[in-house]
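Participant: Attaching a single structure in structure tokens format; questions to follow.
The values are calculated or read from the model by the stated rules, or taken from the named source; none is laboratory data. All values reported here derive from a predicted model rather than from experimental measurement. Cβ: placed from backbone, ideal geometry, glycine included. Neighbour counts: every protein chain shown.
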Amino acid sequence: MTERAYWLAWAQAHGLGPILLKRLHSHFGTMAQAWHADGADLLEVEGIGLGGGASLVEYRQTVDPLERLVSYTEQHPNFWTPADAEYPALLYEITDPPPLLFYRGRTELISALGQHPSVGIVGTRSPSEYGQRWTRRLAQQLAAHGVIVVSGLAKGIDRWAHQHTLDSQGLTIAVLGTGVDCSYPWDNRELQERIAQDGLLLSEHPNGTPPDRGHFPRRNRIIAGLSRVVVVAEAPARSGALITAQLANDYGRDVFAVPGSLDNPNSAGCLGLINQGAQMILTDTTLITALGQLPQIGNDAMAKPRDTGKSDRAAPNPAPSLPPAMAEVLAAVTDEPATLDRLVQDLNQPTGEVLATLVQLELMGLVTQLPGMRYQRG
């Protein structure tokens, strides 16, 4: 409860965005320690300058985090912070996770993210019949295999992805650019209520927040962060779906695109992604096959940083014939996949040294590299 209060207090400080908030947590270990740190210590956090540091020191003197939490929760009872166990660990992996995540619907879908793969489906708001058909086919296949479908509840591809997932008795999460109690676009209001009943609505904005042009590009990073794989079903050369794909690539997620006709402007974005290295959807089972090759991710493998800074994972015994430095790195790699950043954090070694050792272990067949710079035992 205490750490939750400090996350809320810091999240409402002027001048601190999601990137700086995560840096603050990483630097001090807990938001409570950051709150009580000296002003000079705050300046050690990259991105906090003299003016910003002075403003934060002044802000802390005017706020009681515990009182703020009580009053805020009375108005907005349904939200999580990264201190809460329910906050999606997969989402906290990105560089700019939302400090507050408001929800409405079946919250058990968050725990399901640690047990089921998740796929983001995005695309144009004006899909062709071809784009609609392939979105339907992909959603049906994903639903049949227990995959969680994530999208943004916009017109077009987003709507089709959510609707056909629910029609197939599948699991879906919609990330909104408004409060979870607001319907936008209005045409999707019935589908939104259906998702609130059978799926989950998420937003970084509190209830009552109306649509705003700037909210939707930022909404895309949450879609990418919640997804292990992002597929662009159909998109023109200039499309918000391409922003989601780029973010997914930056976050180490796998990106797929549905190829289309050169004569169809709505296929230009997908063809461009494929040209840049995105994987191609060839059949409606392409994603299922790819997901089957990805290892199961559990909550420990994607665990959010804990206040102790220690890893909860039990490491296997290292191979006795390895040099001590290599054995230490191998001991940190388990059967559950872990990101390079997580291994560097656990080992407290320079990134370059850890990466070089991982390459050696991979060549020896002791470690396997997975998409997104994730590693597990070979």
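Participant: Please note which helices (runs of 4 or more DSSP H) are completely contained in the stretch 33-112 and include at least 3 residues that are in contact with a helix residue (DSSP H, G or I) (Cβ under 7 Å, 6 or more places away or on another chain) and surrounded by 14 or more Cβ atoms within 10 Å (Cβ to Cβ). Working first, answer last.
Facilitator: On the way: elements: 39-42, 50-60, 65-75, 89-92, 108-112.
Because the criterion is at least 3 residues that are in contact with a helix residue (DSSP H, G or I) (Cβ under 7 Å, 6 or more places away or on another chain) and surrounded by 14 or more Cβ atoms within 10 Å (Cβ to Cβ), the helices (runs of 4 or more DSSP H) in the stretch 33-112 that meet it are 50-60, 65-75.
Participant: Within the stretch 113-155, track down each residue that is part of a loop (DSSP other than H, G, I, E, B) and of a type in the set (A, V, I, L, M). It would help to see each step written out before you state the result.
Facilitator: Just the residues of the stretch 113-155 that are part of a loop (DSSP other than H, G, I, E, B), to begin with: 113-117, 124-128, 145-147, 152-155.
Hits for the stretch 113-155 are 113, 147, 153, 154.
Participant: If you don't mind, there's one more thing I want to ask. Residue under question is residue 123, and the condition is that it be assigned by TED's automatic domain parsing to the domain that holds residue 197 and crowded, with 17+ Cβ neighbours inside 10 Å; does it hold? Write out each step before concluding.
Facilitator: On the way: assigned by TED's automatic domain parsing to the domain that holds residue 197: yes; crowded, with 17+ Cβ neighbours inside 10 Å: yes.
It is true that residue 123 is assigned by TED's automatic domain parsing to the domain that holds residue 197 and crowded, with 17+ Cβ neighbours inside 10 Å.
Participant: Same structure again: How many residues does the stretch 172-190 contain that are crowded, with 21+ Cβ neighbours inside 10 Å and farther than 16 Å from residue 215 by Cβ?
Facilitator: Residues that pass the stated criteria total 2.
Participant: Could you check, for the stretch 195-213, whether at least one of its residues is assigned to a helix (DSSP H, G or I), among the aliphatic types (A, V, I, L, M) and either free of Cβ contacts under 8 Å to residues at least 12 places away in the same chain or crowded, with 17+ Cβ neighbours inside 10 Å (or both)? Explain how you work it out, then say what you get.
Facilitator: In the first step, residues of the stretch 195-213 are kept if they are assigned to a helix (DSSP H, G or I); the result is 195-198.
Filter once more, keeping what is among the aliphatic types (A, V, I, L, M): 195-196.
Right, trim to either free of Cβ contacts under 8 Å to residues at least 12 places away in the same chain or crowded, with 17+ Cβ neighbours inside 10 Å (or both) and you get 195-196.
Yes, the stretch 195-213 contains at least one residue that is assigned to a helix (DSSP H, G or I), among the aliphatic types (A, V, I, L, M) and either free of Cβ contacts under 8 Å to residues at least 12 places away in the same chain or crowded, with 17+ Cβ neighbours inside 10 Å (or both).
Participant: When both residues are 6+ apart or on different chains and their Cβ atoms are under 8 Å apart, which pairs have a first residue that lies in the stretch 112-135 and is more than 16 Å from residue 174 (Cα to Cα) and touching a residue at least 24 places away in the same chain (Cβ under 8 Å), and a second that is hydroxyl-bearing (Ser, Thr, Tyr) and crowded, with 24+ Cβ neighbours inside 10 Å?
Facilitator: Sorted first by the residue in the stretch 112-135, then by its partner, the pairs are 127/135; 131/124.
Participant: Okay, next question. When you look at residue 238, is it of a type in the set (Lys, Arg), farther than 21 Å from residue 109 by Cβ and in a loop (DSSP other than H, G, I, E, B), yes or no? Don't jump to the end; show me each part of the working.
Facilitator: Values: of a type in the set (Lys, Arg): yes; farther than 21 Å from residue 109 by Cβ: yes; in a loop (DSSP other than H, G, I, E, B): yes.
The answer is yes for residue 238.
Participant: Residue 209 fails exactly one of the following numbered conditions: (1) modelled with pLDDT of 95 or more; (2) over 19 Å from residue 11 (Cα atoms); (3) not charged (D, E, K, R). What is the number of that condition?
Facilitator: Only one criterion is unmet by residue 209, namely (2).
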